[in-house]
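Asks: Sharing a structure with you now.
Each value in this text was obtained by applying a stated rule to the coordinates, not by laboratory testing. Predicted, not measured: the structure shown is a model, and the values here were computed from it. With ideal geometry, Cβ positions are generated from the backbone for all residues, glycine too; neighbour counts draw on all protein chains shown.
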Amino acid sequence: MADSGSEEIAVIGNTDLTPSESENNLKNTMVEKGTSLLKMMEISVAEAEKRTGKNAVNMQETYTVYLIETRPVDAASEGTNPVPDSLWRRYSEFELLRNYLLVTYPFSVVPPLPEKRAEFVWHKLSADNMDPDFVERRRVGLENFLLRVASHPDLSSDKIFYSFLTEENGWKETVFETGFQAKADSRLKALNATFRVKNPDKRFAEMKHYGDELQSVISQLLRVRARAADRLYGVYKVHGNYGRVFSEWSAIEKEMGDGLQSAGHHMDAYAASVDDILEEEEHYADQLKEYLFYADALRAVCRKHELTQYELEMAAQDLTSKKQQREELATGTIRTFSLKGMTSKLFGQETPEQREAKVKMLETQIEEGEELVKERNTECEEFVKSAWVDIERFKEQKDHDLREALISYAIMQISMCKKGIQVWNNAKECFSKM
Amino acid sequence: MSGFVVDSTVSSGNSSVAIPTDISGQILDLDEDDDLEVFSKDTTVTDGSSFNASMQTSPASMINQYKFEEDAEDTKDIFVTVDNPESHVTAIETYITYRVVTKTTRSEFDSSEFEVRRRYQDFLWLKGRLEEAHPTLIVHPLPEKFVVKGMVERFNEDFIETRRRALHRFLNKIAEHPIFSSSEDFKIFLTAAPGELTSYKKQGPGFLSRMGETVKAVAAAVRGVRNRPQEFTEMQEYVEAFSQKISSLDKVTQRIVREQKEYLEELKECGPTYALWSQSEEELAEPLKDVAGCVDRCCKETEEQVKNLNDNLIPVLHEYALCTDTLKAVLRRRDNIQADFEAKTEALATKKADRDTMRDDLDKAEDRLEWANNALKSDWTRWQKDMRTDLRSAFVDTAERNVNYYEKCLAVWESFLHSQRTDAEGNGNVDFS
């Protein structure tokens, strides 16, 4: 750990924590704090493969499938290493799973999937979905998704999730059978609620706002980072030209030749080193992207709250107006403008029987309305309770993960600087032999 | 320590000369070499064909010659600085002058300190004079006349500063050169009051005689040289190749500077973005602000690094690229001297009249040629040594600065890491070890 007795900034013992180690720390944290599912089984997305097949419109298509491996935890710890259970899934099946979870657990901040298409790429990185680097990063992202779900207190015990991991065949049908698609809120409905809700919980309004800000700032950061990576690539690669020219120059010199030649090699090494550096940084970008997409999930929960609140308000409003109508009928006064009132004025009063029937209908409606309001109130309250619990959990997770990400970024920068120091010291030695 | 001497005894009419081959690299030994000569100071030539081979071998000047060689590396006895650019506005033009300060213990200077103001034209004049006097010696290049971009750029601060540094290097190279530093023109340049300099400039060969020399030079060039010694051909080939390499390096370095600047532009936006983010966060606000600070500090270091490249490496590479033009000119002039000699040899063989005068001319031409060849050979070795030293130290310097840059950035990030870890331990959070 930190150096003792030194007056300068203490030398940190282990700055050589690699990004993959820090990612491991993340996973271990998930497992430690994890749920019963993770304590039972190990989950990993081990491989990716290309497949070709006929799609829905009977056309040939190429797609990638991912191998999900599960292994009971106690078996591994016993020292025996049984073959894990495994099955292949493609990205669209992950999407289906997630959509199911979104609908079924609207009060949960559902972990996001890695991006469908490569975005925020700097030019040397391929934006092609079939590119092996992209596929690899997606594999890691999908594994991360599964681990997140498996460590979520509510989502991890879901049966559909469990069968996603264990039942290769017929899983899709099972999902559709749940009828979750019918339960999904239409976008229009949700948008309507957002605009019209009168009294949303302040905390949720703030969270939604936070989600907006988070999304905006992370997008900006990813854009800027990608551009900077592009430029940095240029700087390093141009140094490769030094290598070439030094080598050519050394051919015409006598005493200077050796120094130049070897310095040239170091320049080539310097130019080549940028590829690894930027690959590591891509990893950092992926960590940021996860939370970019998490912001969306967060906002979805807030929107659901707005919807439930709005529906409660609507029901309450409806109830109030029905009660008012009853009162009017009972006292004969028309306080509010109504078509019925107008027509009765124009065409004469209704008969007592008619009035009787109307009142009865209203009473029923009011009863039902009161039930509905009670229901919706409970719904709303429960939603607020569960959602807020998960939001707090999410906040803690986010703070922890992003802090880790920043630390791993610093570690990357340190590693890059150390490499630079080494190369230029070597070059300096060669130059001094010129 | 190698001295620069051309060992030759020449006087008109004496056809036998003892001219050893290039002895640069041999240590000057006062006892052995009796017939050391000091180069004449008032020769004025354009192509060497009117080179006045009469030597002035005053004891004083000979002693000075020895002194230069001994003191070359141990004690400099002349220090020249160029600084303090100032702008002068007259009715006709605006121009910049630079202050030239000389401090010296040399006896041929009337005083030990001089301060004069000189403009670029004056430097050009000095260079021209030195080249005329010593056609096959290598004069360090001057910064270019104007920037390609346009006349307005002449008064740009960076341009003036770059030029000032180059002029400073130019004068120092002259001062370090064993032959040039004892040039009368050099002395006048360093010491004369403005009026004096102007009138001194007006002396020298008249316009017509200069024309005559130029014509002879062109004629010689057209004739071409027939039996160029192998070593000069090799020199020419080297110069060609070197010229390509050095100008490549110049371009590569300029490209690096451009890319770094663009990288810097993007990086400058990163810090503020992290800072912006920190405003939306609570727990994360501190680390985000810290990261923003680190990125900003690295930006400053990157800016510094770019400036270093611009101020240190690029000017040196650029100067040596200009040197190659000088080298090519020197080789051309040497060729012309040889062509002249060859022409005169032929003339003697074919013509019948004026054989005595022609023989005289031929002898003079032969002397001139020997002189020129040896001068070039010695100065070539000297130049190569200088080039090696200059470029080596420029690259070593660059490498050192780059190491420095990375070390500073490293410290920035390590202190961030340190603060994060002590924070974590303080809060009893996850253990990072």
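Asks: At 7 Å along Cα-to-Cβ for each site, give me the label-to-label distance between B:Glu108 and A:Glu47 in nm.
Replies: The two pseudo-label positions are separated by 8.6 nm.
Asks: Stretched out fully, how many nm does the piece from A:Glu173 to A:Lys202 gain, at 0.36 nm a residue minus the Cα gap?
Replies: Contour length minus the Cα-Cα distance gives 6.4 nm.
Asks: How large is the convex hull of the Cα atoms of region B:240-353 per residue, expressed in Å³ as a whole number?
Replies: Measuring per residue, one finds 83 Å³ for the Cα hull of region B:240-353.
Asks: Continuing with the same structure: B:Asn84 to B:Leu348: FRET efficiency via 1/(1 + (r/R0)^6), r the Cβ-Cβ distance, R0 45 Å, to the nearest 0.05?
Replies: That pair, B:Asn84 with B:Leu348, gives E of 0.20.
Asks: Collect residues whose amide H, placed 1.01 Å from N in the peptide plane, falls under 5 Å from the amide H of A:Met41; neighbours closer than 5 in sequence don't count.
Replies: So A:Met41 has HN proximity to A:Val73.
Asks: Follow-up. Based on the Kirkwood radius over alpha-carbon pairs, what value in µm²/s does the Stokes-Einstein equation return for the translational diffusion coefficient of region B:256-296 at 25 °C and 0.890 mPa s?
Replies: Stokes-Einstein gives a translational diffusion coefficient of 230 µm²/s.
Asks: Taking region A:101-159 on its own, what percent of its Cα-Cα pair distances exceed 20 Å?
Replies: 39
Asks: Where the Cα atoms of region B:333-433 are projected onto their three principal axes, how long is each span, largest first, in whole Å?
Replies: 110, 16, 15
Asks: Mind listing the phi-derived Karplus ³J(HN,Hα) values for region B:102-112, rounded to whole Hz, using 6.51, -1.76 and 1.60 with θ = phi - 60°, and x for any glycine or proline?
Replies: Working through the residues one at a time gives 10, 10, 8, 10, 5, 6, 6, 8, 5, 9, 9 Hz.
Asks: For region A:198-246, take the alpha-carbon Rg, divide it by the Kirkwood Rh, and send me Rg/Rh.
Replies: That ratio equals 1.52.
Asks: Then there is this: Can you give the percent of C-alpha pairs in region A:124-262 whose distance is more than 25 Å?
Replies: Roughly 66 percent, once rounded to a whole number.
Asks: Between the DSSP loop rule and a limit of at most 15 other Cβ atoms within 10 Å, which GluC sites (Glu not before Pro) in region A:248-338 are left?
Replies: Here the sparse-neighbourhood loop sites are A:Glu255.
Asks: Along the Cα→Cβ direction, 7 angstrom out, place labels at A:Met314 and B:Glu196. What is the inter-label distance in nm?
Replies: 10.2
Asks: So what is the orientation-averaged projected area of region A:272-322, using the convex hull of its C-alpha atoms, in nm²?
Replies: Result: 3.3 nm².
Asks: Could you list the trypsin sites (Lys or Arg not before Pro) in region B:258-367 that lie in coil according to DSSP, counting only those with at most 11 other Cβ atoms within 10 Å of their Cβ?
Replies: Passing both the DSSP loop test and the Cβ count: B:Lys351, B:Lys352.
Asks: Still on this structure, please answer the following. With label points built 7 Å along Cα→Cβ from the Cα atoms of A:Glu356 and B:Glu237, find their separation and express it in nm.
Replies: Between A:Glu356 and B:Glu237, the label points sit 12.7 nm apart.
Asks: Per residue of region B:376-386, what does 6.51 cos²θ - 1.76 cosθ + 1.60 with θ = phi - 60° give for ³J(HN,Hα)? Whole Hz please, x for Gly and Pro, Karplus curve as stated.
Replies: 4, 4, 5, 5, 4, 4, 4, 4, 4, 4, 4
Asks: Follow-up. Which trypsin sites (Lys or Arg not before Pro) in region A:111-180 pass both tests, a DSSP loop state and at most 14 other beta-carbon atoms within 10 Å?
Replies: Qualifying residues, ordered by number: A:Lys116, A:Arg117, A:Lys124.
Asks: Right, something else. What is the percent of Cα-Cα separations in region A:228-288 that go past 16 Å?
Replies: Roughly 52 percent, once rounded to a whole number.
Asks: To continue, here is another question. When the Cα atoms of region B:289-349 are enclosed in a convex hull and the volume is divided per residue, what value in Å³ results?
Replies: Enclosed volume per residue, from the Cα hull, is 39 Å³.
Asks: Starting from 0.36 nm per residue, how many nanometres of slack lie between B:Arg117 and B:Ser419 once their C-alpha separation is accounted for?
Replies: 103.2 nm
Asks: Estimate the FRET efficiency between A:Met59 and A:Asn192 by the formula 1/(1 + (r/R0)^6), using the beta-carbon distance for r and 35 Å for R0, to the nearest 0.05.
Replies: 0.35
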